[in-house]
1. When you go through 74, 27, 63 one by one, which is the residue that is within 28 Å of residue 134 (Cβ to Cβ) and open to solvent by less than 30 Å² (accessible area, probe 1.4 Å)?
2. Counting residues that are surrounded by fewer than 20 Cβ atoms within 10 Å (Cβ to Cβ), which strands (runs of 3 or more DSSP E) fully inside the stretch 190-289 reach at least 2?
3. Quick check on residue 101: is it farther than 24 Å from residue 71 by Cβ and at pLDDT 95 or above?
4. Give the residue that is farthest from the chain's Cα centre (by Cα), with candidates limited to residues of the stretch 144-172 that are closer than 27 Å to residue 42 by Cα and in a loop (DSSP other than H, G, I, E, B).
5. Could you tell me whether residue 106 is in contact with a strand residue (DSSP E or B) (Cβ under 9 Å, 6 or more places away or on another chain) and within 30 Å of residue 271 (Cα to Cα)?
6. Within the group 235, 248, 207, which residue is hydrophobic (A, V, I, L, M, F, W, C), over 23 Å from residue 159 (Cβ atoms) and free of Cβ contacts under 8 Å to residues at least 60 places away in the same chain?
7. Determine whether residue 10 is more than 19 Å from the chain's Cα centre (by Cα) and either without any contact (Cβ under 8 Å) to a residue 24 or more places away in the chain or assigned to a helix (DSSP H, G or I) (or both).
8. Determine, yes or no, whether residue 5 is assigned to a helix (DSSP H, G or I), over 21 Å from residue 264 (Cα atoms), open to solvent by less than 50 Å² (accessible area, probe 1.4 Å) and of a type outside the set (Phe, Trp, Tyr).
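The values are calculated or read from the model by the stated rules, or taken from the named source; none is laboratory data. This is a predicted model, so every value here is computed, not measured. Cβ placement follows ideal geometry from the backbone for every residue including glycine, while neighbour counts extend to all protein chains displayed. What goes into the accessible areas is simple: the full protein's heavy atoms, side chains included, and nothing from ligands, DNA or RNA. Shrake-Rupley method; radii C 1.70, N 1.55, O 1.52, S 1.80 Å.
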Amino acid sequence: MGTQLMLAGLEQGNCGEEWNLTHPDRVLAIQRRYAEAGSDCILTNTFGGSRIMLNRHGNAQRVVEINQAAVAIVREAFGGKEGYIIGDIGPFGGLMEPYGDFTEAQVRDAFNEQAQALVDAGVDAIIIETQTSLEELLLGILAAKAAGAPCIVGSMAYDVTLDGSNFRTMMGVDPERAAQFMQDHGADIVALNCGTGMDMHRAAQAVERYRRTTALPIMAQPNAGQPKLIDMKVVYDETPDQMVAGVVQLVEAGANIIGACCGSTPDHIRAFRKALDGYLSSKQLDSPV
């Protein structure tokens, strides 16, 4: 959503979530393109929709309004066809004590408020995404559970190490530890998204490591390559044709839900849909009668 909103005119550093109220037509146009491209699941435009994040833009008192408007927009984007609305809770954008200025109670309250607003608006699931620490992830999972979310997705952001030999989150969490933690604390789906160097191949490796640790369904949303600054604009360098080449590997590694994160476009998802449908059709043809 971030890169698509900027293409639609959102200025760097402004509040994209506020557009659910001020420019709902632009948010709807973006999400409708993903629905038309074949998305079964669409995340709400609420990545920065917690009170802590919205407060930075003077919108702290509009948490419920912004989050519930986002759910209505996704529902309209599907246009009556079947689809899952996934309420998006992103990081609160700081560090908790003793490393930062925010207390655990502040973060808990912010996540609880956002999760309840999303559930009350009728989401099919909540994703706590782009997480790097288990402490913050847990607060998100507990908030989703307390709100009565029908399904809870925990999604980590991994970075490839400088020597290229491994990957872990910024806070040092590896896929095995994350998967076990999510399983132990009540997540329904374990996931990964975003991250430096986490292309389709690396995402497949993460999925394999998840699969060796847990039997829970797995969701993977790698970036569309690496961001580059061109003419003062952030551009992601992986085309749909390049990215779609990894779809089968991702599925065969054990992913149950696939998508794409930063820099991905409706064209990427359209290519994914075609490749996935072709793969599933071939598997059905190969099955014994």
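1. Of the residues listed, the single one that is within 28 Å of residue 134 (Cβ to Cβ) and open to solvent by less than 30 Å² (accessible area, probe 1.4 Å) is 63.
2. 227-230, 233-236
3. No; evaluated as a whole, the condition is false for this residue.
4. So, considering only residues that are closer than 27 Å to residue 42 by Cα and in a loop (DSSP other than H, G, I, E, B), the one farthest from the chain's Cα centre (by Cα) is 148.
5. It is false that residue 106 is in contact with a strand residue (DSSP E or B) (Cβ under 9 Å, 6 or more places away or on another chain) and within 30 Å of residue 271 (Cα to Cα).
6. The match here is 248.
7. Answer is yes for this residue.
8. no
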